[in-house]
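Only one structure is covered here, and it is reproduced in the block below.
The values are calculated or read from the model by the stated rules, or taken from the named source; none is laboratory data. Here the structure is a predicted model, which means the values were calculated and not measured. So basically every Cβ, Gly included, is an ideal-geometry build from the backbone, and we count neighbours across all protein chains shown. Heads up: the accessible areas ignore ligands, DNA and RNA and are worked out on the full protein's heavy atoms, side chains in. Shrake-Rupley method; radii C 1.70, N 1.55, O 1.52, S 1.80 Å.
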Amino acid sequence: MGSDTFWVAVAFIIFMVILAKYGAFSGIIAKLDSRGERIRAELEEARRLKEEAQKLVAEYRRKQHEAEAEAEAIITTAKAEAERLAGEAKAKLEDLVARRTKMAEQKIAQAEAQALADVRAAAADAAVKAAEVVLAANVTGETADRLLDSAVAEVKSRLN
């Protein structure tokens, strides 16, 4: 019956049975069970936190997409408004240029009419002076008086 190894194994088994009988393993098992329970609770808490984090990430992504869509809508609206304002400004500028051109054309027409009237008046004055010189040199006496009376009568009729 044997060897020393056999008796050491038997003694070890007896020692373990005695320890088990007096509850030495129950404390270790209880501690291991409580540690396992604590680890299980921590894992459950970690899983719950992970789910919350995933929900938050999904919520923030949704909000980001909404913000991007809103920004895109704002940009589209701003572009449309800018185009509308540019169109209005262009129309106002074209209207202003047209009015200024029309005013310039009217001023030119008035200046032409005034120049034409001035030339006619100068021509009429020159014709009158030339006629006066010719008449003064050629017409005398009763003919001059008669022409003078008819000219004065004609001027009076035109002035009235």
Using a 1.4 Å probe on heavy atoms of the protein chains only, the accessible area for S150 in Å², nearest 10, reads 70
So for the range 29-121, using the alpha carbon gyration tensor with a ≥ b ≥ c as root eigenvalues (a/c under 1.5 gives rounded; past that, a/b versus b/c decides prolate or oblate), I'd call it prolate
With -39,500 (n - 2.57) per DSSP H segment of 4 or more residues and division by the full residue count of the chain, the 222 nm estimate, nearest 500 deg cm²/dmol, is -35500 deg cm²/dmol
Membrane-span-like helices (DSSP H runs, Cα span along own axis at least 15 Å, mean Kyte-Doolittle at least 1.6) in the chain -> 4-21
To the nearest 20 debye, the chain has a Cα-centred charge dipole, built from +1 on Lys and Arg Cβ and -1 on Asp and Glu Cβ, of 920
Rounded to the nearest 0.05, FRET efficiency between D125 and K102 (Cβ-Cβ, R0 30 Å) equals 0.30
A46 neighbourhood, Cβ < 11 Å, K/R = +1, D/E = -1, net charge -1
For the chain, the percent of accessible surface on carbon and sulfur atoms (probe 1.4 angstrom, ligands and nucleic acids excluded) is 64
Expected field for T77, accessible surface area in Å² at 1.4 Å probe radius, rounded to 10, holds 90
With all protein chains in place and a 1.4 Å probe, F6 shows an accessible area in Å² (nearest 10) of 100
About its Cα centre, the range 73-139 carries a charge dipole, from +1 on Lys and Arg Cβ atoms and -1 on Asp and Glu Cβ atoms, whose size in debye to the nearest 20 is 220
Pseudo-spin-label distance A115 to A91, built 7 Å along Cα→Cβ, given in nm, is 3.8
Between the residues A73, A58, G87, the Cα farthest towards the positive end of the dipole of the chain, that dipole coming from +1 and -1 charges on the beta-carbon of Lys, Arg, Asp and Glu, is from A58
